[in-house]
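As structure tokens, the structure follows; a few thoughts come after it.
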Amino acid sequence: MSSAELVSRINLPELTQERVNELLAASEGVINIPEDFQFSVAIVDNSEIQTLNERYRHKEGPTDVLSFPYGNNTGDIVISADKVMSQAQEYGHSVAEEAAFLLVHGIVHIMGWDHERSEAEAKDQAQIEAKILESCGLNYVR
């Protein structure tokens, strides 16, 4: 089974190591994730994710989640705790639901899907994410 390590630089109690493991297992039930795949999940603030977003994506401002696949069955997912909080309010979700969505979104990205490539891929990615979240009892709609 693949594994994930939660590295919290910012406290986000709604996203625990147990929850990360649950969402990873649910993802494995929907998409092909290599058994030896390992990744870390970092919870950061807007300032840190903004720096990463500008450095690696050449986009200004903070974003909600970044995924960094390294090609050797490892990768990193970085989630902004600030964005989790603000987007939960904006979309009418709980903080736990928003955190779960962003983690699943990051996992799906790290495994190769990219909603920015085409409208068809965006639809496919959204369906995959919904199926993963539904398997965890979450009905997340944006």
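The values are calculated or read from the model by the stated rules, or taken from the named source; none is laboratory data. From a predicted model like this one, the values you see are computed outputs, not experimental measurements. Methodologically, a virtual Cβ is constructed for each residue, glycine included, from the backbone with ideal geometry; neighbour enumeration extends over all protein chains shown.
Considering region 76-92 alone, what residues qualify as being of a type in the set (A, V, I, L, M, F, W, C) and either touching a strand residue (DSSP E or B) at 6+ places or on another chain (Cβ under 8 Å) or touching a residue at least 60 places away in the same chain (Cβ under 8 Å) (or both)?
ILE77, VAL78, ILE79, ALA81, VAL84
I need a count of the residues in region 81-111 that are in contact with a Ser or Thr (Cβ under 7 Å, 6 or more places away or on another chain), at pLDDT below 95 and aliphatic (A, V, I, L, M).
Of the residues in region 81-111, 1 are in contact with a Ser or Thr (Cβ under 7 Å, 6 or more places away or on another chain), at pLDDT below 95 and aliphatic (A, V, I, L, M).
Please state which one of ALA96, ALA42, ALA100 is under 14 Å from the mean Cα position of the chain (by Cα) and in a strand (DSSP E or B).
Result of the check over ALA96, ALA42, ALA100: ALA42.
Do you know which residues across region 40-49 are of a type outside the set (Gly, Ala, Ser) and over 19 Å from ILE110 (Cα atoms)?
ASP45, ASN46, GLU48
Tell me, which residue of region 1-16 that is surrounded by fewer than 16 Cβ atoms within 10 Å (Cβ to Cβ) and without any contact (Cβ under 8 Å) to a residue 40 or more places away in the chain is farthest from the chain's Cα centre (by Cα)?
Step by step, filter region 1-16, then rank; the result is MET1.
Go through region 103-135 residue by residue and tally those that are surrounded by fewer than 17 Cβ atoms within 10 Å (Cβ to Cβ), touching a residue at least 60 places away in the same chain (Cβ under 8 Å) and part of a loop (DSSP other than H, G, I, E, B).
Selection size over region 103-135: 0.
Yes/no per residue for (1) crowded, with 19+ Cβ neighbours inside 10 Å; (2) touching a residue at least 24 places away in the same chain (Cβ under 8 Å); (3) among the charged types (D, E, K, R):
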{"site": "VAL20", "(1), (2), (3)": "yes, yes, no"}
{"site": "ASN32", "(1), (2), (3)": "no, yes, no"}
{"site": "GLU35", "(1), (2), (3)": "no, yes, yes"}
{"site": "ILE43", "(1), (2), (3)": "yes, yes, no"}
{"site": "GLU48", "(1), (2), (3)": "no, yes, yes"}
{"site": "LEU66", "(1), (2), (3)": "yes, yes, no"}
{"site": "TYR70", "(1), (2), (3)": "no, no, no"}
{"site": "THR74", "(1), (2), (3)": "no, yes, no"}
{"site": "SER94", "(1), (2), (3)": "no, yes, no"}
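Looking at LYS59, LYS83 in this structure, which one is in contact with a helix residue (DSSP H, G or I) (Cβ under 8 Å, 6 or more places away or on another chain), of a type in the set (Lys, Arg) and surrounded by fewer than 16 Cβ atoms within 10 Å (Cβ to Cβ)?
That would be LYS59, the only listed residue that is in contact with a helix residue (DSSP H, G or I) (Cβ under 8 Å, 6 or more places away or on another chain), of a type in the set (Lys, Arg) and surrounded by fewer than 16 Cβ atoms within 10 Å (Cβ to Cβ).
I'd like the full set of residues that are among the charged types (D, E, K, R) and at pLDDT below 95, limited to region 29-52.
Of everything in region 29-52, those that are among the charged types (D, E, K, R) and at pLDDT below 95 turn out to be GLU35, ASP36.
Just one of (1) closer than 22 Å to ALA126 by Cα; (2) modelled with pLDDT of 95 or more trips up ARG55, so point out which.
Every condition holds for ARG55 apart from (1).
I need the full set of residues from region 11-20 which are in a loop (DSSP other than H, G, I, E, B), at pLDDT 90 or above and touching a strand residue (DSSP E or B) at 6+ places or on another chain (Cβ under 9 Å), in order please.
Correct list: LEU12, LEU15, THR16.
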